[in-house]
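The values are calculated or read from the model by the stated rules, or taken from the named source; none is laboratory data. Just so you know, these numbers come straight off a predicted model, no measurement behind them. Positions of Cβ are backbone-derived with ideal geometry, glycine not excepted, and every protein chain shown enters the neighbour counts. All accessible areas refer to the heavy atoms of the entire protein, side chains included, with ligands and DNA or RNA removed. Shrake-Rupley method; radii C 1.70, N 1.55, O 1.52, S 1.80 Å.
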Amino acid sequence: MSAKHVNATRMELTRLKKKLTTARRGHKLLKDKRDELMRQFLELVRENKALREKVEAGIKAANQNFVLARAGMSEEALNVALMAPKQEVYLEAETRNIMSVEIPVFHYKARTSDPNDIYSYGYAFTSSDLDDAVKNLADLLPDMLRLAECEKSCQLMAAEIEKTRRRVNALEHVVIPETEQNIRYISMKLDENERSSQTRLMKVKDMMLAQTHQYTTYGDAKLTEVTETE
């Protein structure tokens, strides 16, 4: 809203001053929110980087063990060994609020707590490399779930940071400067109107004084003329 479209009234001036106070307070709060989001976002990014390196290394080791197991076993035996999984995992998803951002939180539990239930086959006709591969993947499950949490949280927080940054910039570069400009315009307009009114009042007063003086002079002249005639 530009200054030329503003009603130069005291009511509008009061409204704009309240708006400016609110905008400045909102600008400060949004800047604090953006800074805190950035701090937590960077922490998540560092954790995400470490987890990704760990998970990729674990998957690489598991793949190497699978390759060795495949080399030492027949394809039919390997397929039969992995055909029917023995262990089950139940996953629960929740959300946690961080600076108005709902980030996911994953919880899981296995059907049984026995660590040997991850092997769905007997040990007589399988390779120890297959055991190592399955164990590697089982050990990676918590890190993979945490990695999924971190990556999704980073995406959500990045979007919220960008949204907050746009709002901060809009307040800082558009709303607050325009409101300040409109307040200055209305203040100048009101001062100008007040000076004009004062000038008009002074002119009216001078005219009234001049008219009163003229009537007084005219009356004195008439009185003098009547006295001389008598």
Residue among V101, V45 that is more than 30 Å from I176 (Cα to Cα) and among the β-branched types (V, I, T): V45
Going through the stretch 72-105 in order, the residues found to be in contact (Cβ under 8 Å) with a residue 12 or more places away in the chain and of a type in the set (K, R) are K86
The stretch 119-138: number of residues that are among the hydroxyl-bearing types (S, T, Y), modelled with pLDDT of 80 or more and open to solvent by less than 50 Å² (accessible area, probe 1.4 Å): 1
Can you name the number of the only condition in (1) within 24 Å of K60 (Cα to Cα); (2) open to solvent by 50 Å² or more (accessible area, probe 1.4 Å) that L145 fails? (2)
Consider only pairs whose beta carbons are under 9 Å apart and that are at least six residues apart or on different chains; among these, list those whose first residue lies in the stretch 174-203 and is free of Cβ contacts under 8 Å to residues at least 40 places away in the same chain and closer than 10 Å to A8 by Cα and whose second residue is open to solvent by 70 Å² or more (accessible area, probe 1.4 Å) and of a type in the set (D, E, K, R). none
I need a count of the residues in the stretch 88-118 that are open to solvent by 40 Å² or more (accessible area, probe 1.4 Å) and under 18 Å from L145 (Cα atoms). 17
Residues that are charged (D, E, K, R) and either exposed (fewer than 15 other Cβ atoms within 10 Å of the Cβ) or touching a His at 6+ places or on another chain (Cβ under 9 Å) (or both), drawn from the stretch 25-37: R25, K28, D32, D35, E36
Quick check: anything in the stretch 48-57 surrounded by fewer than 17 Cβ atoms within 10 Å (Cβ to Cβ) and either small (G, A, S) or modelled with pLDDT under 90 (or both)? yes
